[in-house]
Structures are given as structure tokens and as C-alpha cells.
Amino acid sequence: MSTRPPQIVDHALELFAPLGALRVKRMFGGWGFYADGLFFALVARDTLYLKADAQSKAGFIEAGCTAFIYEREGKPVALGYWSAPEAALDSPTAMAPWARMAIDCALRHRTPRRPPARRG
């Protein structure tokens, strides 16, 4: 089995290039994308998904996007990620507002880090 990311991961990195340094991590049979430690996008089943919430979901629905849903114990589970709009896959410029929306969503929902435990 190849450890090389699928072509869509490389394409997504090109689309996200204006965001600056990104980290891509293999996870759950797919790939996760991080900007400044924020998990904002994933590739699963050869589809790029972007993080969305109640504030941003309507834009994805209007653009004809679909929710990322998987099955756990025979039941569908939605994680709050939506497929990227087709037009956004054409260029970094077209992707920019969607990527920014996903990062803004990740910022709204990030959990504060706990301070390290004090020894003493």
C-alpha cells in the first residue's frame, strides 16, 4: 500500500497555498488539513470537505454541496464537514472564500488548551 497521498490531496494543497504553511495528516482512512493547528478540511473517498457549522452551512447547501456522513454501528454520523463547491476546485482564488469560511468555523469551535499540570 502506498503512503503517497492521493492526487486530490496534492490538488487541495495547491488550492490552499495562499493560506500559508499547512500540515496534512493521514487519519481515519483519509487526510486532514490543518492551518495554524486548526483542523479545517479533510479528504475522504476522493472528495474534499470543508468544516461548516450552523453559521456557514447555508452557503454550502446553496452551492449544492453534500455533508460528509459515515456510518458508526450502523447509524449515520455527520461531523460538520461539507463537500467543496465544484467551482471552488478550479483555482486558489475560487477556493479562498470557502477555505476562509472553514477556518473561521474552526476558530469558532476550537477548544482552549489546558495549561500543563504543575509539579510540585
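The values are calculated or read from the model by the stated rules, or taken from the named source; none is laboratory data. Keep in mind that this is a model prediction, so the values were computed, not measured. Virtual Cβ from ideal backbone geometry, glycine too; neighbours counted across all protein chains shown.
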Review point. Across the stretch 36-83, which residue is modelled with the lowest pLDDT among those that are acidic (Asp, Glu) and more than 17 Å from Ala96 (Cα to Cα)?
Key: Glu71
Practice item. Inspect all residues belonging to the stretch 108-116 and state whether any of them is assigned to a helix (DSSP H, G or I), modelled with pLDDT of 95 or more and either under 19 Å from Leu19 (Cβ atoms) or out of contact with any Asp or Glu (no Cβ under 9 Å at 6 or more places or on another chain) (or both). Key: no
Practice item. For the stretch 97-109, name all the residues that are hydrophobic (A, V, I, L, M, F, W, C) and either within 15 Å of His11 (Cβ to Cβ) or touching a Lys or Arg at 6+ places or on another chain (Cβ under 9 Å) (or both). Key: Trp98, Ala99, Met101, Ala102, Ile103, Cys105, Ala106
Check your understanding: Between a first residue in the stretch 44-61 that is more than 18 Å from Leu107 (Cα to Cα) and polar (S, T, N, Q) and a second residue that is at pLDDT 95 or above and part of a strand (DSSP E or B), which pairs have beta carbons less than 6 Å apart while being 6 or more apart in sequence or on different chains?
Key -> Thr47/Ser83
Point to revise | Positions within the stretch 4-21 being without any contact (Cβ under 8 Å) to a residue 24 or more places away in the chain and among the aliphatic types (A, V, I, L, M), in sequence order | key: Leu13, Ala21
